[in-house]
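Heads up: the structure comes next, in C-alpha cells.
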Amino acid sequence: MFVTETRWLNADEQRIWRAYLNSHRLLLDAIDAQLRRDSGLPHAYYEILVRLSEETGRALRMTELADATRMSASRLSHAIARLEERGWVRRENCPTDRRGQIAVLTDDGFAALEAAAPGHVETVRSVIFDTLDADQVRRLGEISEILARRLT
C-alpha cells in the first residue's frame, strides 16, 4: 500500500503514544533494576532462563531461543557465555545438525531462576496488576494480544 500523505497523530494520539512509550520504558527499567539488585542478573538473562525452564528437558536450539527472546544470534551467544560462566547454562552440539547448538538449563540455573522468580513476580504484580482494576487488566490483555498479532 502506497501512502501519499502522512497521517500525523492528533494531540490525543500523540499523548497516548508518548504515555505508552514512557510506561513501557519505566516498566522494563523497574523489572531490570529489581532483578539486578536482588538476583544479580539482567532481565534479558532471566528471560533466557525462563524460556529454557519451560522446555522439555530444559533445552532449546540456540536459533529457536534467539527467536523466542527476540535477540540477535550474537547477543544471545554473549548472554549464554555469561550464563555458562555462572554454571547456569551449558551448550551442547545438536545431534541432528552439526552446525547447530542447544542451550541447556542446568540444575544450578534452575535453582537460580527459582530464587529470582518470587521477587520478579512481586515486581510485575505491584507495578501492573495491583495498579489496575480487573476490567483494566482484561483490556490490557486484549490490547496486548491485538498488538502482538499485528506485529507478528
Checklist entry - Only one of (1) touching a Cys at 6+ places or on another chain (Cβ under 8 Å); (2) under 23 Å from Leu27 (Cα atoms) is not met by Ile102, so which one is it? => result (2)
Checklist outcome for this item: Across the range 1-31, the tally of residues that are part of a helix (DSSP H, G or I) and surrounded by 10 or more Cβ atoms within 10 Å (Cβ to Cβ) stands at 19
Next on the checklist: What are the pairs with Cβ atoms under 8 angstrom where one residue, in the range 129-152, is without any contact (Cβ under 8 Å) to a residue 24 or more places away in the chain and the other, located anywhere, is part of a loop (DSSP other than H, G, I, E, B) and surrounded by 10 or more Cβ atoms within 10 Å (Cβ to Cβ)? Sequence gap at least six, or different chains.
Outcome noted: Leu140/Leu132
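Matching residues to (1) within 14 Å of the chain's Cα centre (by Cα); (2) β-branched (Val, Ile, Thr):
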| residue | (1), (2) |
| --- | --- |
| Glu54 | yes, no |
| Leu60 | no, no |
| Ala68 | yes, no |
| Ala81 | no, no |
| Val104 | no, yes |
| Asp108 | no, no |
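Only the coordinates and a few stated rules stand behind these numbers; no lab work does. All values derive from a computational prediction rather than experimental measurement. Because the Cβ atoms are built from the backbone with ideal geometry, glycine has one as well, and the counts that use them run over all protein chains shown.
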